[in-house]
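Only the coordinates and a few stated rules stand behind these numbers; no lab work does. These numbers come from a predicted model, not from an experiment. Neighbour counts run over all protein chains shown; Cβ positions are idealised from the backbone, glycine included.
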Amino acid sequence: MTRGQDGLLSVADHDRGRAGMTYVYPVVSRRAGGVSVGVNLNPNNACNWRCIYCQVPDLQRGGPPPLDLDRLEEELRAMLTDVVHGDFMARAVPEGMRRLNDVAISGNGEPTSAHEFPRVVERIGHILKDFGLAGQIKLILISNGSLAGRAHVSAGLAAMACLNGEVWFKLDRATRAGIAQVNGTATDPAAHFRRLATVAGLCPTWVQTCMFSLDGSPPAPAEIDAYLSLLRHGRTEIPALRGVLLYGLARPSLQAEAARLGPLPESWLRGLAARIEALGLPVRLSV
Ligand code: SF4
């Protein structure tokens, strides 16, 4: 756990254990310009992918254990009580960031691998309503999208759409080799594109992409061309697609490849953002 000298949560401080809870953790999000309350459905640090830039410590392959929904609800109610009615903002959040932006279902693994996902969304909906936050803040799902199309995922996404929901769908690379190298999964880009279309058809969706150098080099031009081609296809075939969240390497990887990864120059990222925008897709860049 890292804690700033002033005792306040910092944008780099995303330690999911800091609130002493199993499922719920607060984050000051530079992207959101405020506080995001995270709901971690993978407390065992297990994911079905293995991204080389992943910031989950002791990441393992797999899915979550059965969730204790009552505990999750209790923790979220306690956290929101502190954030909305207590002194959390003054105590732990830097000035200028003292606003609640969203509740984010994310965590230390792929959240939709929890079979309870739709029931989690339902419970969060009730809680947001009780706090007068329904429709006032976003409910975000941060997902690798790999399980889109499964019945429990579709049910959860449809419920999210009624709760000011938004999905951040991971698309880092667009060739089989690139996905295998970066995400550690044998995924067909065309199949992943179809999953993106499925998700966007159920709930407003942004693509999220992480770009970094590997062994000192940026992604190869052919990889970028494939990525832009997939986005171009998305622009025409998926009208509901909102845009692209483009990230540099903000925090160090906690995987074995960490030393091979490095941040790209801001000019490189801005250049890619301009090429995406030229396709007609909005870009939110976090360098
Ligand atoms: S999908 Fe997310 S949690 Fe899973 S390995 Fe990749 S970055 Fe980590």
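Can you tally the net charge around P204? Count Lys and Arg as +1, Asp and Glu as -1, for every other residue whose Cβ sits under 9 Å from the Cβ of P204. Neighbourhood net charge equals 0.
Rounded to the nearest 10 degrees, the inclination of helix 189-202 to the longest alpha-carbon principal axis of the chain is 40 degrees. Here the ratio of the Cα radius of gyration of the chain to 2.2 N^0.38 Å is 0.96. Between A191 and D68, the distance separating the two model label sites (each 7 Å from Cα on the Cα→Cβ line) works out to 3.6 nm. Each of V167, G145, A197 was scored by the projection of its Cα onto the charge dipole of region 24-286, and the greatest displacement toward the positive side belongs to A197; charges sit on the C-beta of Lys, Arg, Asp and Glu. Just to be sure I understand: with springs between alpha-carbon atoms less than 10 Å apart, which residue in H85, H115, H126 has the highest mean-square fluctuation in the Gaussian network model of the chain? Taking springs between Cα atoms under 10 Å, the residue moving most is H85. Seen against the Cα atoms of the chain and their longest principal axis, helix 266-277 is set at about 80 degrees. Here the dipole of region 24-286 is about 560 debye; that uses its Cα centre as origin and unit charges on the Cβ of Lys and Arg (positive) and Asp and Glu (negative).
The angle between the Cα long axis of helix 221-237 and the longest principal axis of the Cα atoms of the chain comes to about 60 degrees, rounded to the nearest 10. Annotation: the residues S267, S143, sorted from fewest to most other C-beta atoms within 10 Å of their own C-beta, follow the order S267, S143. Simple rule: put +1 on each Lys or Arg Cβ and -1 on each Asp or Glu Cβ in the chain, find the dipole, and look at S106, V27, L214; the Cα lying farthest toward the positive end is L214. The convex hull built on the alpha-carbon positions of region 226-287 has an orientation-averaged projected area of 5.0 nm².
Near V83, within a Cβ-to-Cβ distance under 12 Å, what is the net charge of the other residues, with Lys and Arg +1 and Asp and Glu -1? Result for the neighbourhood of V83: +1.
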